[in-house]
Amino acid sequence: MPPSLLISGGHLLDPGQGIDKIGDLLIAEGKITWVGDKGTGPLQPDLSTIDATGLTVCPGFIDLHCHLREPGFEDKETIATGTRAAARGGFTTICCMPNTSPPLDTQASIDYVKKTAKNEGAVRVLPIGCITKGRQGKELTEMSELADMGAIGFSDDGEPVTSSQIISLAMDYSHDLGLPIIDHCEDKELSNGGLMNDGWVSTRLGLKGIPAAAEEITVARDLALAQLTGARLHVTHVSTEGSVELIRRAKEKGIAVTAEVTPHHLTLTEERVMGWQSEKNNQLIYDTNAKVNPPLRTRGDIAALIKGLNDSVIDVIATDHAPHTLVDKMCEFGLAAFGISGFETALGCLMALVHNGELDLTTLISKLTLEPARIIGTRYGEQGTLKPGCQADITLFDPNKEWIVSSQNFASKGKNTPFDGYQFKGKVIATIVGGKIVYQDSSVRIEKK
Amino acid sequence: MKLTEPRSSATIPGTFPPPSISVWQHRHILDLDDFTQEELKLVFEIADAMTEVLTREVKRVPTLRGKTVVTLFYEPSTRTHASFELAAKNLSADTVSLDASKSSIAKGESLIDSLRTIQALGADVIVIRHSQSGAPYLATQYVNISVINAGDGWHAHPTQALLDLYTIQRHVGKLADLKITIIGDIMHSRVARSNIWGMTTMGASVVLCAPPTLLPRGLADFITHCQLPNVSIESRIEPALEGADIVMPLRLQVERQQSGLLPSLREYIQLYQLTEERLHLAKPCALVLHPGPINEGIEISPEVAYGTQSVIENQVTNGVAIRMALLYLIAGGKNK
């Protein structure tokens, strides 16, 4: 068991308990044992202290949507590298999608991920099970047994469940289990062959577009089926204004829906595909690092997504961390893989919204901690809180520290980021899982009494 | 460097190369979106000199002697490929022609690997044709030699657009203030996309005419965002042709109908074929261009394709001159 640790003089921020003040936090035996004013905590022998002056101390971030690629695509990422990347991004619990090879559609594969994560992982890993066998959209998985083995929800992410009948049955089944159906909303017939948002940039670049309607059609269908079945629906990676409006209306009607948005959909537009147009460089390129599904959209969509966060229409920010090898991305745009390696840039990218005044810090932290914890539930321990007695999953970050993204320094095997070279303001300084420091910035000094 | 021979030098206007060569800024020819009017005029001026070379008995000058031009074609092409080969040979460059379906590319060699190999073999210019939009842009990121885009996906075909512009320039004497109507499959047309840039830069106005299913949904936004007030969209052929100086039907691929974009070829022919009767709606001396290959009896009637207003064959000849001019500017000219 790691020694007791005092995090001293930080800005304690816990949206769930309404804590927003300078103070100390004490960790012992892997749990939070005390939270209070600076210098007033109980005396402890063998106490290590982190001076958190100027830092924000909040519950560890929880990512509801990532791809760890293991088993099957270990050249892209492994559970070991992916969880280290998550730790660098301030995430203490991550939920991995089941589009591995084999997919997570059996108890054995779920068990493999859990065991590997326990032995080799740096942070907590909660797997998501497949909705259908082999992600083929035809037969339901043994959802009840997958839940017993630790699946926190069900998704065929990467592929939508095309059949309305199958997804309605999945909802009926998961409703009984109390777990969410997490659908990748895309009408594949409409998006067929599409490479980026359907709009002026796709027209300019001569690339086939993916219309916003391809997402909205499936969001609308799923909301209707959630109403029909009463099941919990979680809409993953919402990217369009129209989806936000559909979810808003569904929530007003009382449908049990939650939704997530990624950092890249909140900060980048379709124009990013034409390259990073800076003062130094305005040459047109086809940037495969900005190729992602759903595609980067428009300024109007970004405004609606941010408003959706502020209005509680969108509950959660999740990374959709999708690591790929260089070979997957260093090729013609049309042949490149979809996806962005997102763990290590999430906070820096999101803090831009805070510094610009578009999102307040408490809302942001709530979307990264309290809200995803609510969706997961308490079966794997109470998370997303600084409450004494709870597991000590804590993230320390400096909201004002400026740094430059260098993908070569990523812990992730996936260097595929559209943010390489960007200057961010806001950096994770330390990540603590169960009282153990799993990542610390070089600036962290731990003093022993 | 000597381009001219004494017996024909009188037909080349002024000195060669012209002083205006100082405006040339390009290492690569990727699209016409970054060409200035001065650069386009320079290309025409050099192409005039090359046209003169093409009238000689021995159509060959030593300009690019010792240079190697590699053509790398991932898509079948007859005229563009032959045109580049001839252009390079007329300038005395060595040419190597790689057909992607026959080389190691068919064994799974990546584009970047192929390009690096071609560079290591000592090529000075790569001419690339690819079915994926943006492939030539990828090439410029990984090799140091000059890249000429000979057509990439739906995106751009700058040398075709330049030969279209040059053909108009030679026949009409100007491009400014002309009404140019492009009819057909705009959505999938790299020729139309490149021509939009070149034609508007030269001061012409462009009317894009197609059935709604063959117009990109983002076209109107594209026109707004890229500030192209001289580009308009017209879904009916009659108003599009009204008063046009130039008419350019595009090749309609039969597969478009099979993939559901058109109700029937019959209806397309009824509504969009450029016939003699419809051509009367344009100005009396309007020119007919076509980027080829022609689908006779579909987008254009044979009477129009081979009629007095057609300059389709001149386009092919001008294509050689334009490509000679571009190779000269990229591999000889200013860089020497």
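All of the numbers you see were taken from the coordinates with simple rules; none came from a lab. Since the model is a prediction, treat every value here as computed from it, not as a measurement. A quick note on method: Cβ atoms are made from the backbone with ideal geometry, for glycine too, and the neighbour counts reach across all protein chains shown.
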Rg from C-alpha atoms of segment A:1-123, normalised by the globular rule of thumb 2.2 N^0.38 Å, equals 1.31
Percent of all Cα-Cα pairs per 5 Å bin for segment A:284-384, counting from 0 up to the last occupied bin, reads 2, 11, 17, 20, 18, 14, 10, 6, 1, 0
If every Lys and Arg gets +1 and every Asp and Glu gets -1 at its Cβ, then about the Cα centre segment B:158-305 yields a dipole, in debye to the nearest 20, of 340 debye
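Kindly identify segment A:57-154 as rounded, prolate or oblate by the Cα gyration tensor criterion: order the square roots of the eigenvalues as a ≥ b ≥ c, call it rounded if a/c is under 1.5, otherwise compare a/b with b/c, prolate if a/b is larger, else oblate.
Numbers: a/c = 2.06, a/b = 1.62, b/c = 1.27.
Since a/c reaches 1.5 and a/b is larger than b/c, the shape of segment A:57-154 is classed as prolate.
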Given 10 °C, 1.306 mPa s and a Kirkwood radius over Cα pairs, the Stokes-Einstein diffusion coefficient of chain B in µm²/s is 77 µm²/s
Too long for a 18 Å Cα-Cα cut-off, among A:LYS307/A:LYS367; A:LYS115/A:LYS413; A:LYS329/A:LYS415, are A:LYS115/A:LYS413
Note: segment B:47-99, point scatterers on Cα, Debye, no solvent; log10 I/I(0) at q = 0.18, 0.19, 0.24 Å⁻¹ equals -0.61, -0.66, -0.93
For the pair B:GLN309 and B:LEU121, the simple spin-label estimate (label points 7 Å beyond Cα toward Cβ) gives in nm 4.6 nm
Note on the protein assembly as shown: C-alpha Rg/Rh, Kirkwood Rh, two decimals, gives 1.06
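What is chain B's relative contact order, in percent, from Cα pairs under 8 angstrom and six or more apart in sequence? Present the calculation step by step, with values, prior to reporting the outcome.
Values: 606 pairs, mean separation 63.9, N = 336.
Across chain B, relative contact order equals 19 percent.
Given just the C-alpha atoms of segment B:252-296, how large is their convex hull per residue in cubic angstrom? Don't jump to the answer; show the numbers that get you there.
Details: hull volume 3.9 nm³, N = 45.
Each residue corresponds to 87 Å³ of Cα convex hull volume.
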If each part is reduced to its alpha-carbon centroid, segment A:215-274 and segment A:14-57 end up apart, in Å, by 37 Å
Between B:GLU57 and B:VAL254, the two model label points (7 Å from Cα along the beta-carbon direction) sit apart by a distance in nm of 4.6 nm
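So, R0 is 41 Å and r is the distance between the beta-carbons of A:LYS118 and A:GLN423; what FRET efficiency does that work out to, to 0.05?
Working: r = 37 Å, r/R0 = 0.91.
Given R0 = 41 Å and the Cβ-Cβ separation, E is 0.65.
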Summed over the other residues with a beta carbon less than 10 angstrom from that of A:ALA212, with K and R at +1 and D and E at -1, the charge totals -4
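Under the rule of -39500 (n - 2.57) per DSSP H run of 4 or more residues, summed and divided by the residues of chain B, what mean residue ellipticity at 222 nm is obtained, to the nearest 500 deg cm²/dmol? Numbers along the way, then the final one.
Working: 13 runs with 128 residues, N = 336.
Estimated from H runs of four or more residues: -11000 deg cm²/dmol.
If the only charges are +1 at each Lys and Arg Cβ and -1 at each Asp and Glu Cβ, what is the size of the charge dipole of segment A:60-376 around the Cα centre, to the nearest 20 debye? Working shown, then result.
Values: 29 positive and 43 negative charges, 90 e Å.
Here the size comes out at about 440 debye.
Run the numbers for A:ARG299 and A:LYS387: contour at 0.36 nm per residue of separation, minus the present Cα-Cα distance, in nm.
27.8 nm
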In debye to the nearest 20, the charge dipole size for the protein assembly as shown, taken about the Cα centre with +1 at each Lys and Arg Cβ and -1 at each Asp and Glu Cβ, equals 1740 debye
Across the alpha-carbon set of segment A:177-291, Rg over Rh with Rh taken as the Kirkwood radius works out to 1.06
Per the charge dipole of segment A:60-376 (beta-carbon charges, Lys/Arg positive, Asp/Glu negative, Cα centre), the residue among A:ASN119, A:PHE154, A:HIS237 reaching farthest to the positive end is A:ASN119
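Given R₀ = 35 Å, what would the calculated FRET efficiency be for B:ALA82 paired with A:SER101, taking r from the Cβ atoms and rounding to 0.05? Walk me through the numbers on the way to the answer.
Details: r = 46 Å, r/R0 = 1.33.
E between B:ALA82 and A:SER101, to the nearest 0.05, is 0.15.
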Rounded to the angstrom and largest first, Cα extents along the principal axes for segment A:231-290 equal 50, 16, 14
Once the dipole of chain A is set up from charges on Cβ (+1 Lys and Arg, -1 Asp and Glu), the residue from the list A:LEU296, A:GLY275, A:ILE181 lying farthest towards its positive end is A:GLY275
For A:LYS21, counting only aspartates and glutamates whose alpha-carbon sits under 16 Å away and dropping same-chain residues fewer than eight positions off, the answer is A:ASP37, A:ASP51, A:ASP360, A:ASP398
With Cα coordinates, the longest principal axis of chain A makes an angle with the long axis of helix A:299-310, in degrees rounded to 10, of 50 degrees
Given all pairs of distinct Cα atoms, segment B:158-305 yields a Kirkwood Rh in Å of 15.2 Å
Taking Rh as the Kirkwood radius computed over alpha-carbon pairs of segment A:60-376 and applying Stokes-Einstein at 10 °C with viscosity 1.306 mPa s, one gets a diffusion coefficient in µm² s⁻¹ of 82 µm²/s
Count of lysine pairs, chain B, Cα-Cα under 12 Å, sep. 8 or more residues or interchain, comes to 5
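How large is Rg over Rh for segment A:351-402, taking Rg from the Cα atoms and Rh as the Kirkwood inverse mean of 1/r across Cα pairs?
Numbers: Rg = 13.0 Å, Rh = 12.5 Å.
A ratio of 1.04.
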Placing each pseudo-label 7 Å from Cα in the direction of the beta carbon, A:TYR380 and B:SER110 end up separated by a distance in nanometres of 3.4 nm
The alpha-carbon center of segment A:390-439 and that of segment A:103-144 are separated, in whole Å, by 27 Å
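At 37 °C and 0.692 mPa s, what whole-number value in µm²/s does Stokes-Einstein give for the translational diffusion of segment A:321-373, with Rh from the Kirkwood sum over Cα pairs? Present the calculation step by step, with values, prior to reporting the outcome.
Details: Rh = 13.2 Å.
Value of D from the Cα-based Kirkwood radius: 248 µm²/s.
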In the protein assembly as shown, taking the dipole from +1 charges on Lys and Arg beta carbons and -1 charges on Asp and Glu beta carbons about the Cα centre, the listed residue (B:THR51, B:ALA244, B:GLY108) farthest towards the positive end is B:THR51
Net charge (Lys, Arg +1; Asp, Glu -1) of residues whose beta-carbon lies under 10 Å from that of A:THR92, A:THR92 excluded, is -1
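Per-residue ellipticity at 222 nm for chain A, helices alone: DSSP H runs ≥ 4 residues times -39500 (n - 2.57), over residue total, nearest 500 deg cm²/dmol?
On the way: 14 runs with 131 residues, N = 449.
-8500 deg cm²/dmol, from helical runs alone.
Calculate, for B:ARG236 and B:THR317, the FRET efficiency according to 1/(1 + (r/R0)^6) with r their C-beta to C-beta distance and R0 56 Å; round to the nearest 0.05.
On the way: r = 34 Å, r/R0 = 0.60.
Efficiency for this residue pair is about 0.95.
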Cross-link reach from A:LYS401 to aspartates and glutamates, straight Cα distance under 12 Å and at least 8 residues apart if same chain, gives A:ASP441
